Every structure is written in C-alpha cells, then in structure tokens.
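J.: Structure below; questions to follow.
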Amino acid sequence: MNLKQMAGEKACEAVRNGTVVGLGTGSTVHFTIVKLGQMVREGLDIIGIPTSIRSELLAKEVGIKLTTLDEHPEVDVTIDGADEVDPNLDLIKGLGGALVREKMVASASLREVIVVDGSKMVQKLGTRSPLPVEIIQFCSGRTLKVIESLGGRPVIRMTEGEAYITDNGNFICDVHFPDGIEDPKGMEIALNNTPGIVDNGLFLGITTSVVIARDGELEIQGQPLG
Ligand code: 5RP
C-alpha cells in the first residue's frame, strides 16, 4: 500500500456514525473518500460536504450522500490533504486548487484531520511549496504587484497553456518565498486585506490532528482520531 493510501484510509477512524463529514480534495484524501464509500456500503451512515467538484464527483461515484454548508452549517469532522505541515500543525494548502472551499468547510468543522505522507512535514512554511492564493480575474496584474510588495514572487498557475481556473471561476497564483514565510499570521492578514484576493492557502490554528505516513509507518500528531 502506498503512503498516501495508508494515511488516507487511516483517517477514516475519525468518522463516527450519524455525522456530517467534510470531504477534502487531492490525491491523498482520494483514498479517504473511496474507503468511506466502502464503509457506507457496509452500513456507515454519514452525509458528506465536498470541497471541490472533483471530490463531489468521486463521493457520488462511491455512494456517499451529500449536503452543503447551507443545509448543515456545522461539520463534525473534515478530512483533507495538505502541501506543507509545520511543527504547530499549521498548513499550506491549495496546490490542488480547492483552497477557498476547503477553508470554508474547515472553518465550519469541529475537527480538521489532515492526511499527508512524510514529505509534507516542514520546519517553516513556504520552504517546500509555494503559497497558493486565489485571486479574481479582474485587473489581476495589480493584485500580483501588491503580492510582490509583501515579499513574495507570484506566478499565475497555468494548465495546458491556459490560466488555471478554479471551481469558483478565479485564477490561482502560486507565491514563492525564497526563504519561506517569516510571519505566517501577518502574511495571512496582509493577503486577506488585499482587494482582489479571495483567500490564501495558509491554514493557521485550524488543524486538530495530522495523520502522517512515513517509511511504511503511521503517526498521529495532535488529537487522537477516535
Ligand atoms: C487541494 C489541497 C490538497 O489537499 C493538497 O494540495 C494536497 O494534495 P495531495 O494529497 O494530492 O498531495 O490543498 O486544494
């Protein structure tokens, strides 16, 4: 079994019967959603809130009933991936392009369980991954200049020669920090105070547990899953 599958499946132990479950996005949580589908077929009663169109399609395919934050504003547990996890369990997310919906669902969740392989663990945020920032298309050049003035090097994300468009119809810029992010909280506030920025991939003080698969072993940091 590969490391992503080990972590993704292990996190299903955090899911209790009769609960509302946030369904993250990415190649690790893919295994969580598939496993939850199997558990549903075996009798588990849950209702899921997907964080992307991709996860919505997968959840439907495996037979998980779905709802929305409008119908269920409180989520019992969300399971999601991450691009970086630091020693405080703060995160960078969004290389999969779903950071806005992921943060909305995470902020409505009583527990946020993150599933990663060991390569995502870092001492300082921004040293392994760029910081994804979702920006509206209107005058995006100006928004990039403001991000540059904050010390980052923003690059509009491209796919097959075209700008990548999120599920919300926006661009993503991946912001590179040559020495990492010195003050993640300050950066989060500065980015979110910038008109034209929808949200950014810093998830600070949100994670309750991290499931790490490394060298064929599983480790839980933060709260136990059960
Ligand atoms: C999507 C995300 C993903 O959870 C993150 O990119 C990790 O993905 P993967 O498990 O494929 O490495 O934040 O917006």
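J.: With within 12 Å of the ligand (Cβ to nearest atom), on the phi < 0 side of the Ramachandran plot and under 17 Å from the mean Cα position of the chain (by Cα) as the only criterion, which of Val21, Val29 stands out?
T.: Val29
J.: Report yes if Ile46 is more than 12 Å from the ligand (Cβ to nearest atom), of a type in the set (Val, Ile, Thr) and in contact with a strand residue (DSSP E or B) (Cβ under 9 Å, 6 or more places away or on another chain), otherwise no.
T.: Taking the combined requirement at face value, the residue satisfies it.
J.: Hey, can you tell me all the residues within region 63-78 that are under 19 Å from Glu9 (Cβ atoms) and either within 15 Å of the ligand (Cβ to nearest atom) or surrounded by fewer than 16 Cβ atoms within 10 Å (Cβ to Cβ) (or both)?
T.: Once the filter is applied, which keeps residues that are under 19 Å from Glu9 (Cβ atoms) and either within 15 Å of the ligand (Cβ to nearest atom) or surrounded by fewer than 16 Cβ atoms within 10 Å (Cβ to Cβ) (or both), region 63-78 yields Gly63, Thr78.
J.: Given the options Ile172, Ile136, name the one that is outside the structural domain of Ile33 (by TED's automatic domain parsing), in contact (Cβ under 8 Å) with a residue 60 or more places away in the chain and away from the ligand (no atom under 16 Å from the Cβ).
T.: Values: Ile172 fails: away from the ligand (no atom under 16 Å from the Cβ).
Just a single option satisfies the conditions, and that option is Ile136.
J.: Taking Val100 as meeting all but one of (1) open to solvent by 30 Å² or more (accessible area, probe 1.4 Å); (2) within 12 Å of the ligand (Cβ to nearest atom), write down the number of the exception.
T.: (1)
J.: Look through Gly81, Gly126, Gly94 and report the one residue that is small (Gly, Ala, Ser), within 22 Å of Gly151 (Cβ to Cβ) and within 13 Å of the ligand (Cβ to nearest atom). Let's see the steps before the verdict.
T.: Numbers: Gly81 fails: within 22 Å of Gly151 (Cβ to Cβ); Gly126 fails: within 13 Å of the ligand (Cβ to nearest atom).
One residue alone meets the criteria, Gly94.
J.: Which ranges mark the helices (runs of 4 or more DSSP H) fully within region 1-81 that have 2 or more residues being closer than 24 Å to Pro224 by Cβ?
T.: 3-10, 29-41
J.: For region 156-184, name all the residues that are within 17 Å of Thr127 (Cβ to Cβ) and open to solvent by 50 Å² or more (accessible area, probe 1.4 Å).
T.: Within region 156-184, the first condition is being within 17 Å of Thr127 (Cβ to Cβ), and the residues that meet it are 174-184.
Answer for region 156-184, where residues must be within 17 Å of Thr127 (Cβ to Cβ) and open to solvent by 50 Å² or more (accessible area, probe 1.4 Å): His176, Pro178, Asp179, Glu182, Asp183.
J.: Another question about this same structure. Could you tell me which numbered condition Ile53 fails, if it satisfies all but one of (1) away from the ligand (no atom under 13 Å from the Cβ); (2) farther than 16 Å from Val115 by Cβ; (3) surrounded by fewer than 17 Cβ atoms within 10 Å (Cβ to Cβ)?
T.: Unmet for Ile53, out of (1) away from the ligand (no atom under 13 Å from the Cβ); (2) farther than 16 Å from Val115 by Cβ; (3) surrounded by fewer than 17 Cβ atoms within 10 Å (Cβ to Cβ): (1).
The values are calculated or read from the model by the stated rules, or taken from the named source; none is laboratory data. The shown structure was predicted, so the numbers you read here are calculated from the model rather than taken from an experiment. Note that each Cβ is placed from the backbone with ideal geometry, even for glycine, and that neighbours are counted across all protein chains shown. Surface areas here come from the heavy atoms of the whole protein model, side chains and all, with no ligands, DNA or RNA. Shrake-Rupley method; radii C 1.70, N 1.55, O 1.52, S 1.80 Å.
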